[in-house]
Amino acid sequence: MLGIVAVAIGAMMLPKLRRFPILIFLVASAAAILVLAPPGFDRWGGLLLSLMLAVIVSAASLPLGVLLAFGRTSRNPSLRACCTGYIEVMRSVPLILVVYWIWITVPLFLPDGSVSSLVRGMIGYTAFNAAYVAEFVRSGVEAVPRGQAEAAKSLGMSNWTISTEIVLPQAIRFVQPALVGNVLDVFNGATLVFIIGLTDFLRAGQMILAHPASSGTVTEVYVFMFAVYFLIGSTITFGARRMEARMQRSAR
């Protein structure tokens, strides 16, 4: 009886939940993190590590990228110079260098606290990816007609209100497909965390093949990893195209 009631409630709520797929995904990811966190972050590995790394880094990079984008377009010369310098430096160095540098330097600033390698890797990856997100958001901000901001100023709105309630929602809408596609780049780049001793999905497959008992399953293991990467990448790409098509229909 309870199962029938649960199915009925789910069927009634499904049309409403479809309007918030990203929010539902983030809530589900947060719940998974809370469940899996007690054993310790350093115990994560394989496909779980790659997926969680992609979700957390993508979610954390967005607000930081928005701040950097507005800082780069700010009228304050010092703030604009700092944000521009940060973005250009991060875009000029490889990801593996940033992750390894953060992994080494964080314990120097927190000598009395123990920060897991996974958290340090996520910090470095987020710091790197935020620079690219900032450029996506900045292009969306520049695509918003300036007349809207000028009209809002004539109505007495503050710069903060104009940026957060008028410019930013439209900018995010313009670059939403690019931001979703950036999640795919983050997921594919998760393989570089092996430099700090973490075992991602690709590294887990290589460790399996390193075992003498699995020496005859090279083809099967690599085909399986290819299928998993292709499935996840195709799903993210399909989602980005659906969002882009929906935006074009709403624009028409």
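A few remarks follow.
- Förster radius 35 Å - calculated FRET efficiency between residue 92 and residue 244 (Cβ-Cβ, nearest 0.05): 0.75
- Derived scalar couplings ³J(HN,Hα) [the stretch 90-100; Karplus, 6.51 cos²θ - 1.76 cosθ + 1.60; whole Hz; x for Gly, Pro]: 5, 7, 9, 10, x, 4, 4, 6, 5, 4, 5
- Computed over neighbours whose Cβ is under 15 Å from that of residue 171, the net charge equals +1, Lys and Arg +1, Asp and Glu -1.
- Each peptide among 50-63, 152-165, 169-182, 86-99 gets the average number of other Cβ atoms lying within 10 Å of its residues, and from highest to lowest they stand as 50-63, 169-182, 86-99, 152-165.
- The simple spin-label model puts a point 7 Å past each Cα toward its Cβ; for residue 165 and residue 108 those points are separated by 4.5 nm.
- Extension gain (nm, one decimal) between residue 82 and residue 188, 0.36 nm per residue minus Cα-Cα: 35.2 nm
- Site pair residue 237 and residue 75 shows an inter-label distance of 4.5 nm when each label is modelled 7 Å from Cα along Cα→Cβ.
Where a number appears in this text, it was derived from the coordinates with a stated rule and is not lab data. Quantities reported herein were computed from a predicted structural model and do not represent experimental measurements. Quick reminder, even Gly has a Cβ in these numbers, built from the backbone with ideal geometry, and neighbours come from all protein chains shown.
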